[in-house]
Each structure stands twice: as structure tokens, then as C-alpha cells.
1. Once the dipole of the chain is set up with Lys and Arg at +1 and Asp and Glu at -1 on Cβ about the Cα centre, which of P94, W331, P55 lies farthest towards its positive end?
2. Could you compute the FRET efficiency for S252 and R141, with r as their C-beta to C-beta distance and R0 at 35 Å, rounded to 0.05?
3. In percent, what relative contact order does the chain have, based on Cα pairs under 8 Å that are 6 or more apart in sequence?
4. When you count, for each residue, the other Cβ atoms within 10 Å and take the mean per peptide, how do 246-253, 356-363, 143-150 rank with the highest first?
5. Distance in nm between label sites at L277 and K292, each 7 Å beyond Cα in the beta-carbon direction?
6. Along the Cα-to-Cβ line of I450, 7 Å from the Cα, sits a label point; which residues in region 321-365 have backbone N less than 17 Å from it?
7. In region 401-445, whose amide N lies under 17 Å from the spot 7 Å out along Cα-to-Cβ of D350? List them in ranges.
8. Label-point separation (nm) for R202 and T49, each offset 7 Å from Cα along Cα-to-Cβ?
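The values are calculated or read from the model by the stated rules, or taken from the named source; none is laboratory data. Quick caveat, the model's predicted, so the values are computed rather than measured. We place every Cβ from the backbone using ideal geometry, glycine too, and count neighbours over all the protein chains shown. Areas reflect the complete protein model, heavy atoms only, side chains present, ligands, DNA and RNA absent. Shrake-Rupley method; radii C 1.70, N 1.55, O 1.52, S 1.80 Å.
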Amino acid sequence: MRNFDLLIRGGSVVTHAEVRRLDIGIAAGQIIALEIDLNGSATETIDATGLHIFPGLIDAHVHFNEPGRSDWEGFATGSRAFAAGGGTLFFDMPLNSSPPTIDGASFDKKVAAAEASSLVDFAIWGGLVPDNLSSLEELSRRGVVGFKAFMTDSGIDDFPRADDHTLRAGMKQAARLNKVVAVHAESQEIIRAKTQQLLHARASSARDYLDSRPIEAELDAIARALEMAGETGCALHIVHVSCGAGIALIASARKHGVNVSCETCPHYLTLLEDDVLKIGALAKCAPPLRPKPAQDGLWEYLKSDQITAIGSDHSPSPPEMKTDPNFFKVWGGISGIQHTLPLMITEGIDKRQLPSPALVRLTSFNVAQRFNLPPAKGRIVINSDADLALVDLQQRQDVNSADLLYRHRQTPYLGRALTGKVVQTILRGQTVFKNGQIVSKPLGRLIKPIM
Ligand SMILES: [Zn+2]
């Protein structure tokens, strides 16, 4: 009879391809047995009858703002909220930390901060900005997961946007280094012209802000990034695509041989531009929330497997940065990382018959593949890390502020009735979250892509 540290019995295991009733045997943090009615004993046994077991979420897009702006969120609270939503590995964006992650020294500082307080595993994005082309190689050697560039102003002064010259040069280098370049694709020119026009007319409302960042600005930038990726042979990842038309451009370029992947976020799939008018600052983001046809398009492409990943783009700020009566001056960024899975279960699996393996591809499997993570991550197979989310697909919950684990208990989803609840999250065989409580000290390790 085999001996395990942990045995999970009776659950339905959801992989990228199928759902199967399997018991999971875990030793030394890894899955070592996967069988129906597994024969063995264990130090601890979990009865997962009635539960679905997902690979722990891998979120390729978070802003935890540390070091330097941990009063906005920080690794401790951000990673706990993520774990409460079934997350076991996040990729932190380079811009909101101070210093921004644009060279080897700033990378080291961020890793030290994350190792000290992150509950779960993490990977680090490097930045691509006009004056750091000579630092991309050392960032690559340190183990960044890729390089992030903004085609429009980032909102952070010490993370300037990459003009086309910088972006093209960065893509050439990234191709040589075998790294992905991620872009925030909105056209600086279109947004600047619209904004100046509106501000000249003393416009300051939420409606005016939406008008300053139209879909055409996003499509213009996506098209340009795709062209450069084709030209340079760089692997491109378009983050937070907000509309079906954006995915259409990407899908067509992919058909023509461009190496491109893309992400959308739960908020583009579950909130509409009218919600910005109703909810206000907590629903401000860039690109902004869109009208229903744009959202319907996203769901169509999601169901036909044209979208690579769902990232939360969790981007909180202190509440006082959300209060300016001029909507243009309000910090743009949505707090939502704790509810990615229940939002997608409610709106995807329940309402639109999205198969649960498709959700697994979007929230873990595809991310691990695209970013060349070690084979132990993003899969439920023998020898993979036991990174698991135990989910009750039927349990209902209302999002309320007492349950939020963010540093600042704000989110546009407050009051929303959701189906699906994460009951337990396991990182490398250790339970980090259970029945509403964080039950572990920080265990986070840096995960580097395979070179
Ligand atoms: Zn972001």
C-alpha cells in the first residue's frame, strides 16, 4: 500500500482536456498518483466529494505595487486575495513598483519583497521602456517571464510609454532572447487628440472619459503591434483586449503566421460601459469597459478558443485616488483578483455553457504553455506541483466587503450574486486557504520560465 502526505478523494478533476473522477496522491509537494479509488494511506485525507478540482489559477497580469507602493496593495494582501480565489501563481507587472522593474537591480528588489511576503508563487515581468534596451538581456538572465510595454501613457511617470521605435527595437531583442513582449495596446495619438478636444470643452464626466478611449484607439494599436511582431518574429502577447473586434485582428494575424497570444479580463466579460456610469470610479480602467456588442464578441471568441488567457489585471489604489470629481484624474484600475473564478463560473459555465476544461485552459494551462513555465506548473498530471483549487460549482455567494482580502476593500463587484466558490487552495501540497481563512505563512517562490 502506498503512502502519501496528502490524499484527495472523490473529487472531479478538471484538466485542460476533460473532467474525470480521480483521487490525487501527493508527496513532497507533487502529484505522484492519479487514479480512480486510489489504494493507499496518507497523513491527511481530504474528502472532495461533490467538488471540482482545478489547477491553481495562474494569473499573468497583476499589479501588486511592491516595492514602493505597498500602500496601494502589496504582495501580502494581494497574494492572499488571489489564494482565496483559487490562485497559486501570479505574474507581477513592472510599472507600479518603485523602482519599476526595468533592470537587474530592480528585479532583485522585487523578488526579495515577494519572497518575504507572498503567500503563493510568483513570476516577474520586466519592463520595456525607451531607455532600458540595454537591460533586457540581464532581465532575461534573471528570469523575467517577458517584457511589458505601453503603447500609450501608463499613468506612472517613471514608466514611460514605448514609442514605435522602442517597441520595434525591444521586439527584435526579445525575439533573440526568446521572450514574449506584452503590450498595452491603445493608440497614444487617438487618445491624446480625443482627450484634448474633450478637456478643451471642460469635459470631466465618466461618459467623457469613455469617449476619450474609443475602440478604434485599441484596434489601431493592436494592428500596429501585430505588424511589428510579424516583422521582427517576436512572440507578442496583447493584454486586456476589451472587444471582439480586437480578438478578430489577432486571430487573423495568427492565421497568417504571427506568433501572437492574447488575454481578456473578467471585467470586460462581466461589466459593461453602462456600469462605469452606475458604479463610477471603481469601474474605471483602460481600455475602458465597452458596450454590449463588443462584450458579446469577446464571449464568442472565448468559446471558439481564440483567446489564450484570462488575467485579472488586478490594479488597486488607495481609496482617496478614486474620489476626484474630474473622472479623468481618478486612478484607473479594477480590483477583482479574488473573484476571477466565480465570475467566470457564473457568466461562463452557468450562463453560456462554457465547458469547465475551457476555463482551465484560460486560467492556468495556456498561460503555463505560452510563457514556457516549468512542466510542473499549470497541469494536473503525475510529477506536477500539487497546485490545486477545490471548487464548489453550485455554492452561491454574494460579494461583500467583509470577505475581501485586499488592502483596500473595494471592488466593482460588491453586492453581485455569484455561483461557484473556492473552498480550498493548495500550493505545492500545502493548504494555504480553507473555508474562508488563510491558513498558512507566506510560501511564495520565484518561478522562472525555461530558457
Ligand atoms: Zn495592467
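1. Positive-end residue among those listed: P55.
2. On the way: r = 35 Å, r/R0 = 1.00.
Working from the Cβ atoms, E equals 0.50.
3. Numbers: 1091 pairs, mean separation 95.2, N = 451.
The normalised contact order for the chain reaches 21 percent.
4. Working: 246-253: 20.2, 356-363: 22.8, 143-150: 25.2.
My ranking of the peptides, most packed first, is 143-150, 356-363, 246-253.
5. 1.3 nm
6. 365
7. Residues passing the 17 Å test: 413-423.
8. Here the modelled spin labels are 6.9 nm apart.
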